[in-house]
Amino acid sequence: MNENINISYNSPSPLERAGVRLAILGAGESGVGAAYLAQQQGYDVFVSDFSAIAPHYKEQLKGWNIRFEENQHTEAEILNAVEVIKSPGIPDKAPIIKKLKEKGVPVISEIEFAGRYTNAKIIGITGSNGKTTTTSLTHFILKNAGLNVGLAGNIGKSFAYQVATEKHDCYVLELSSFMLDDMYQFKTDIAVLLNITPDHLDRYDYKMENYAASKFRVTQNQTADDVFIYCADDAETIKGMEGRSFKAKQFPFSIEKKIATGADLENDNIVINTPQEHFEMSITELALQGKHNIYNSMASGIVAKVLELRNDTLRESLATFRNIEHRLESIGKISGISFINDSKATNVNSTWYALESMTSDVVLILGGVDKGNDYSMLKDLVKQKVKAIVCLGKDNQRIHEAFEDVVDIIVNTSSATDAAQAAYHLATKGDTVLLSPACASFDLFKNYEDRGNQFKAAVKEL
């Protein structure tokens with residue numbers, strides 16, 4: 001993909017920026033935040049969204065006197081921009097992006113743009129699975145340690161808006177592959193790569209090497225003074241490292257092998273060693289349980305020890321952290337049945353991690369918009385742990401085909417209420433009802449948050 005593209009241009013000086021057109025495509029959190037920062041820096045800002053703009057974002061743009069349009073892209077306004085910031089959700093094959101690139105207009109991400117206007121330390125976290133949890137956990141640890149730290153990227157308030165208004169000393173950024181694709185001169189001081197598993201391959205010509213190349217962009221521009229943290233147990237990560245060189249200091253983590261400098265698992269203790277620091281903690285004390293969360297905790301722990309945070313602060317943070325909403329979120333118990341909302345699991349790998357962490361029999365709620373899922377990797381775990389599957393989606397045929405030989409009961413539902421009720425009746429005391437769909441949500445819901453919220457509301461009505 002963009003791995004070998006070398007875009008070199010410098011941000012204009014304040015005098016040069018006055019009246020210079022900067023176009024922003026997409027008026028979501030990142031686009032609106034970028035618009036505010038660009039205006040603050042003296043650009044003539046124009047925001048264009050091919051869809052309707054959410055009312056609260058529209059009000060913000062009006063309040064700042066920033067020109068915008070919705071439900072269209074006016075090419076005359078966009079193609080004469082000196083630079084374009086695009087939403088991560090807009091693919092390179094979109095007609096307006098093709099025209100901009102044909103004309104030679106630089107197209108960058110909000111992260112790339114905002115990075116020019118801060119000298120803060122940057123911790124960038126990416127991976128196919130676990131990045132939101134690890135980003136949130138890392139931010140929690142740093143905040144508990146008293147650092148002036150911001151949380152941004154694919155989570156929370158936009159990086160650009162925080163750079164414009166909050167002036168943090170460091171930022172923890174969750175970076176998706178789509179964001180990384182449009183980042184060129186941006187550099188992380190600490191790069192974390194959790195894992196690489198198939199996801200969004202439709203954006204990468206269905207080639208795993210293209211997707212992996214996007215993930216490795218988190219390390220681009222790093223120097224010998226920087227840090228690269230990665231999972232030594234992840235086959236695709238190790239494969240991708242073989243053909244690449246890294247200037248940064250490397251800190252791998254593993255639960256399968258001994259690691260001299262980094263993190264490993266010894267007698268059910270996480271052990272972290274850096275040249276200056278040593279830390280140990282029993283995995284039974286971790287707030288986040290399950291094999292995948294040992295990895296997440298190791299990655300966040302290495303960040304903390306690289307920054308030389310106190311062991312007591314790290315231990316307390318790892319023991320008290322509460323996971324984000326819609327990610328293995330415990331809703332409560334009804335008649336001895338536990339209900340868990342993992343609506344953020346929009347791919348098969350995320351559902352695998354969720355199932356792997358379950359310690360009781362499970363009624364699993366699956367389904368939605370299938371991105372060409374390969375369900376075979378779930379079969380062993382489903383056979384071991386799942387007593388029934390409740391499908392939640394418009395087209396559930398592929399789920400039936402994948403699991404009809406390993407699960408006796410598979411039922412179809414078309415609303416969160418029906419799914420919650422069906423799962424409740426199929427479960428017995430001591431079981432867990434797990435919403436972990438492995439699919440996108442937009443066949444029946446606005447987004448995964450809407451799906452999770454409707455499920456939580458339905459559980460409360462049981």
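Per-structure values
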quantity: From the options Lys249, Lys239, Lys215, residue that is closer than 30 Å to Tyr184 by Cα and either buried (at least 20 other Cβ atoms within 10 Å of the Cβ) or among the β-branched types (Val, Ile, Thr) (or both); calculated: Lys215
quantity: Qualifying residue in segment 100-113 (condition: buried (at least 16 other Cβ atoms within 10 Å of the Cβ), in contact with a Gly (Cβ under 9 Å, 6 or more places away or on another chain) and more than 30 Å from Ile238 (Cβ to Cβ)); calculated: yes
quantity: In segment 282-305, the residues that are part of a helix (DSSP H, G or I), touching a Ser or Thr at 6+ places or on another chain (Cβ under 6 Å) and among the aliphatic types (A, V, I, L, M); calculated: Ala299, Val303
quantity: Some residue of segment 385-398 being open to solvent by less than 20 Å² (accessible area, probe 1.4 Å), under 25 Å from Ser297 (Cβ atoms) and out of contact with any His (no Cβ under 9 Å at 6 or more places or on another chain); calculated: no
quantity: Test: residue in segment 269-289 that is closer than 19 Å to Ile125 by Cβ and open to solvent by 20 Å² or more (accessible area, probe 1.4 Å); calculated: yes
quantity: Qualifying positions in segment 293-312 - touching a residue at least 60 places away in the same chain (Cβ under 8 Å) and open to solvent by 20 Å² or more (accessible area, probe 1.4 Å); calculated: Tyr295, Val306, Leu307, Arg310
quantity: Counted residues, segment 339-380 - those being of a type in the set (Phe, Trp, Tyr) and within 19 Å of the chain's Cα centre (by Cα); calculated: 2
quantity: Residue that is nearest to Asn311 (Cα to Cα) [pool: residues in segment 130-149 that are surrounded by fewer than 24 Cβ atoms within 10 Å (Cβ to Cβ) and polar (S, T, N, Q)]; calculated: Asn144
quantity: Scan of segment 428-447 for residues that are of a type outside the set (Asp, Glu) and in contact with a Gly (Cβ under 9 Å, 6 or more places away or on another chain), ordered by number; calculated: Thr428, Lys429, Gly430, Leu435, Pro437, Ala438, Cys439, Ala440, Ser441, Phe442, Leu444, Phe445
quantity: Residue within segment 347-356 that is open to solvent by 20 Å² or more (accessible area, probe 1.4 Å), in contact (Cβ under 8 Å) with a residue 40 or more places away in the chain and closer than 21 Å to Asp450 by Cα present; calculated: no
quantity: Subset of segment 170-197 that is polar (S, T, N, Q) and in contact (Cβ under 8 Å) with a residue 60 or more places away in the chain - its residue that is surrounded by the fewest Cβ atoms within 10 Å (Cβ to Cβ); calculated: Gln185
quantity: Test for Ile255: is it surrounded by fewer than 22 Cβ atoms within 10 Å (Cβ to Cβ), in contact with a Pro (Cβ under 6 Å, 6 or more places away or on another chain), of a type in the set (A, V, I, L, M, F, W, C) and not in a strand (DSSP E or B); calculated: no
quantity: Residues (among the small types (Gly, Ala, Ser), surrounded by 15 or more Cβ atoms within 10 Å (Cβ to Cβ) and assigned to a loop (DSSP other than H, G, I, E, B)) located in segment 412-462; calculated: Ser414, Ala427, Ser436, Ala438, Ser441
quantity: Output for segment 114-135, where each listed residue is in a helix (DSSP H, G or I) and either of a type in the set (Val, Ile, Thr) or at pLDDT below 95 (or both); calculated: Lys131, Thr132, Thr133, Thr134, Thr135
quantity: Tally, over segment 74-89, of residues that are surrounded by fewer than 19 Cβ atoms within 10 Å (Cβ to Cβ) and either in a loop (DSSP other than H, G, I, E, B) or of a type in the set (Lys, Arg) (or both); calculated: 5
quantity: Qualifying residues in segment 136-167 (those that are assigned to a loop (DSSP other than H, G, I, E, B) and under 21 Å from the mean Cα position of the chain (by Cα)) - the one modelled with the highest pLDDT; calculated: Ser158
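The values are calculated or read from the model by the stated rules, or taken from the named source; none is laboratory data. Just so it is clear, the model here is predicted, and its values are computed rather than measured. Cβ sites come from the backbone with ideal geometry, for glycine too, and all protein chains shown count toward neighbours. Remember, those area values only see protein heavy atoms, side chains included, never the ligands or the DNA or RNA. Shrake-Rupley method; radii C 1.70, N 1.55, O 1.52, S 1.80 Å.
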